[in-house]
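Report on one structure; see the data block that follows.
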Amino acid sequence: MQIVKPFAILYLAVILLAGCVQGRQPEGNMESVDLLTVSEPSLHDFFKQVEVIQLEGRDSAYLNTSCLSRYLVVEDRIFVMDRANQAVVIFDASGKWKETFRRYGRGPQEYVMMTDIAFNAGLQSLDVLEATGTILSYSLDPPHPMIRKIKIPDGVRAVNHFLPSGSGYYLFSGYEESVLNYLDAESGTLTEIQGVPEVERNIRAGYETSGSPLYTFAGQVHYVDGASGRIFRLNGDQAVLHLGWDYGKYAFRPEVVEAERTAGPESYQTRLSASSSMAGPVSLTQETERFVFTNVLFMKRWLNVVYDKETGAKTVFEKWKEGQMFSPGYPADQALYLLVPPEVSGQFLPPGAEMPGENANYLVLKYVLCNS
């Protein structure tokens, strides 16, 4: 199907994030950040507390540690996508296993290979993106009957991530010329989003964020360019700059990455080598009413940049003053939820927290925002 443009303004699904106080929203800001000035702030400067949720480790709930890429927190339930087993493992708010959702197969209500999951507020459904270019929506509640099934038109061959919005979905493709598209689920129309940074596909694919580059804040979908870290609001068929980082001489330079890429075949080594001379890629970004949290590779180590929208202050750190590492997780219930593998959990656990046992499952750290 032909990709068309433009289309009507979308009514975006609302996922409200609550932060410490109401603050001004960045409107196309380019904020200067000194990555060489690394501090050690207290986690209590941003969060009231950190709750540790140990996910139950029975056989039916144990997660494949090498193939986890997506998780959601919806209505006091934690949904974890287990790509290795082609399933979604569901826990309650305390970490107790509730059920394992699996519709793997070639039947009319089944998926062949899931690549991403999302919560659809409009349908109140768990949506599954599969590698064949199909989106399936299932009821959140057992026995999870299928609500609808949508085939993505041929205008986009490979979709890595998606996010429900309005009557359809934003689609991210790391390997396509058109990186962002909008699919109207009712008409089947596929629309290319304009204003996305032009980066060669072979570079963009290597700099894809480790999580989804799409998030919803204050009723609008946002896109994070994994190479530069710039954040764009998606308004209709336009990507409009929301917030960007100015790293000075360490800013992202595509020519450096291309030179490194052609010098060797290993994408990971390319990123590490390029990170010695510039900031990037960006791993994860999340936004609350007051703060923007982002995680960026620089000088071969992952640094956190926190932007205070109320004061304009930027904080750069590798670890909290309390000694733990941090990465922005999934926003829900006035908190950020971070899924942590058991083998590295000791680097993230707050002081005094009990270390997981030898055969423990994943942990979820709930960073509760202040004034929540």
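The values are calculated or read from the model by the stated rules, or taken from the named source; none is laboratory data. Worth saying up front: this structure is predicted, and the values here are computed from it rather than measured. Note: ideal-geometry Cβ built from the backbone for every residue, glycine included; neighbour counts use all protein chains shown.
Structure summary
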quantity: Residue check for Tyr170: aromatic (Phe, Trp, Tyr), modelled with pLDDT of 90 or more, assigned to a strand (DSSP E or B) and within 18 Å of the chain's Cα centre (by Cα); calculated: yes
quantity: Subset of the range 361-372 (residues that are in a loop (DSSP other than H, G, I, E, B) and in contact with a Ser or Thr (Cβ under 8 Å, 6 or more places away or on another chain)); calculated: Tyr362
quantity: Test: Glu260 is modelled with pLDDT under 90 and in a helix (DSSP H, G or I); calculated: yes
quantity: Some residue of the range 333-345 being in a helix (DSSP H, G or I), surrounded by fewer than 16 Cβ atoms within 10 Å (Cβ to Cβ), of a type in the set (A, V, I, L, M) and over 18 Å from the mean Cα position of the chain (by Cα); calculated: yes
quantity: Members of the range 266-322 found to be among the polar types (S, T, N, Q), modelled with pLDDT under 90 and assigned to a loop (DSSP other than H, G, I, E, B), listed by number; calculated: Ser275, Ser276, Ser277
quantity: Test: residue in the range 239-252 that is more than 16 Å from the chain's Cα centre (by Cα) and at pLDDT below 85; calculated: yes
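Table: residues versus (1) of a type in the set (Lys, Arg); (2) in contact with a Ser or Thr (Cβ under 8 Å, 6 or more places away or on another chain); (3) at pLDDT below 50; (4) more than 30 Å from Phe298 (Cα to Cα).
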position: Gly19; (1), (2), (3), (4): no, yes, yes, no
position: Phe46; (1), (2), (3), (4): no, no, no, no
position: Val50; (1), (2), (3), (4): no, no, no, no
position: Glu56; (1), (2), (3), (4): no, no, no, yes
